[in-house]
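The values are calculated or read from the model by the stated rules, or taken from the named source; none is laboratory data. On a predicted model such as this, the values are computed, not experimentally measured, just so you know. Cβ coordinates were reconstructed from backbone atoms using ideal geometry, including for glycine residues, and neighbour counts include every protein chain displayed. Just so you know, the surface numbers come from the protein's heavy atoms only, side chains and all, with ligands and any DNA or RNA stripped out. Shrake-Rupley method; radii C 1.70, N 1.55, O 1.52, S 1.80 Å.
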Amino acid sequence: MSEKKRHFTSSWGFVLSAVGSAVGMANVWGFPSKMGSNGGGAFLLAYLFFILLFGTVGLSAEYAVGRRAHTGTLGSYRMAWASRKKELGPAGGALGWLPLAGSMCIALGYAVIISYVLKAFAASVGGSLMTVDPGPWFESFSLSDYSVVPFHVIVVVGTLLTLLLGARSIERTNKVMMPLFFVIFLILAVRVAFLPGAADGYKYMFTPRWEDLLDPMVWIWAMGQAFFSLSITGSGMIVYGAYLRPEEDVVSLARQTALFDTIAALVAALVIIPACFAYGLDIGAGPSLLFVTLPRILQDIPLGRLFAVILYTAMVFAGVSSLQNMFEAVGESLLHRFPRLNRKVMLVLLCVICLGIGVNMEPISKWGPWMDIVSIYIIPIGATLGALSWFWIMRREELMEEINCGAKKSAGAVWYGLGRYLYVPCAMILCAVALFLKVAF
């Protein structure tokens, strides 16, 4: 890739691309579902605390490490470990394969759910979504093997085509997709506000029951959602940092990314939670929220077909922008590790792998367990490996030099202390609790 194509053209273009990676299913059904199941307003307060911490420290560290290494996951881990002692570089590079494999595993499952969304979009455009019984309709393809293969091919091939030119093409597509995502969901939020009973949803969202903050699981779920929502997996955001120019303020960019990602989650919640209260539906329904609950709502409101098209268009945008980051994280690392590999050949290889393995996960009975593994093991372990590598292995002087490169206000001992003594323990606690819950239940 040429040097020109390696960089984003502007800070705004970078932020939109990073937000595009962060905004996805974690925002649209994950955040409302977790919020609905964990105390509403109390969960929101805990979530905002972790978003502030992770956005300021964890995300900016991943951006800085990627920029310093000028490459993705494998090269960044090698660089971080070699900064401590040159002989440790190969061990760091080997360790980087774990979070990198995690990005690919996430992409495999993510592509399936976007295929479901694309099928719902097609049904809304054709009008059949307005007449079917959503429950049996969803089961007709979510419980069957190879039921969304055409949509799966479109999603994977289409996403990979947007990556042909690297950072520049990622930036161009997200400059269109992300503003449209926000506009679409704001339109839907205004429409939902006029539903009878919607006010109860707003009350639930923004009126915390303080006793819920004494429940440690509210904090654990909020912490996990913050990691997932910001795409802090020890891999994905590193590659976007590699495309940053030296004069960019990584801490400021990380905070902007976290801000817009949080706004996206809140806007999605302002659509889904009040609508569920208005219709007496389960907020914590998971994937079926998009394909059973929401279609029932859309069938019952004026201009429902139009709003269905709008909704699933936004969902496709959110999903593809996240999938871009997962593929790019893997692709850039492979190109760095194997310099003779052509970018187009690499994208074809990723396409074959994703479709070859992914189509076997199309039924929800296989997709669900796969994504449980992703959320319980891959994301917490990747985040923990990254956190330990940046704040306990990498030389402090090198990390701080990169953090302060281009900074309007230098980060100092407080920033590093938050990373080492609060952010790293949070990642380790999440990893330990996730593993405990898996073993216990």
Would segment 253-265 turn up any residue that is in a helix (DSSP H, G or I), more than 30 Å from H70 (Cβ to Cβ) and either open to solvent by 30 Å² or more (accessible area, probe 1.4 Å) or among the hydrophobic types (A, V, I, L, M, F, W, C) (or both)? yes
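Based on this model, can you work out whether S115 counts as within 29 Å of A285 (Cβ to Cβ), open to solvent by less than 10 Å² (accessible area, probe 1.4 Å) and polar (S, T, N, Q)?
yes
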Which residues, counting only those in segment 71-117, are assigned to a helix (DSSP H, G or I) and among the basic types (K, R)? R78, R84, K86
Identify, by number, the condition in (1) modelled with pLDDT of 70 or more; (2) open to solvent by less than 10 Å² (accessible area, probe 1.4 Å); (3) closer than 30 Å to R396 by Cβ that F50 doesn't meet. (2)
So which pairs qualify, if the first residue must be in segment 222-242 and in a helix (DSSP H, G or I) and surrounded by 24 or more Cβ atoms within 10 Å (Cβ to Cβ), the second must be basic (K, R) and modelled with pLDDT of 85 or more, the Cβ gap must be under 6 Å, and the two must be at least 6 apart or on different chains? Q225/K34; G241/R67
With the condition kept exactly as written, say whether any residue in segment 420-430 is more than 30 Å from D372 (Cβ to Cβ), free of Cβ contacts under 8 Å to residues at least 12 places away in the same chain and either in a helix (DSSP H, G or I) or touching a helix residue (DSSP H, G or I) at 6+ places or on another chain (Cβ under 7 Å) (or both). yes
Which members of segment 133-158 meet the condition of being surrounded by 14 or more Cβ atoms within 10 Å (Cβ to Cβ) and among the polar types (S, T, N, Q)? S142, S147
In segment 266-290, what residues are within 22 Å of W12 (Cβ to Cβ) and open to solvent by 40 Å² or more (accessible area, probe 1.4 Å)? L266
Does at least one position in segment 85-100 carry a residue that is of a type in the set (K, R), in contact with a helix residue (DSSP H, G or I) (Cβ under 8 Å, 6 or more places away or on another chain) and either touching a residue at least 60 places away in the same chain (Cβ under 8 Å) or surrounded by fewer than 24 Cβ atoms within 10 Å (Cβ to Cβ) (or both)? no
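Looking at Y377, is it surrounded by fewer than 22 Cβ atoms within 10 Å (Cβ to Cβ), part of a helix (DSSP H, G or I) and aromatic (F, W, Y)? Can you show your working first?
Working: surrounded by fewer than 22 Cβ atoms within 10 Å (Cβ to Cβ): yes; part of a helix (DSSP H, G or I): yes; aromatic (F, W, Y): yes.
So Y377 passes the test.
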Among the numbered criteria (1) open to solvent by 20 Å² or more (accessible area, probe 1.4 Å); (2) of a type in the set (S, T, N, Q); (3) in contact (Cβ under 8 Å) with a residue 40 or more places away in the chain, which one does S389 miss? (1)
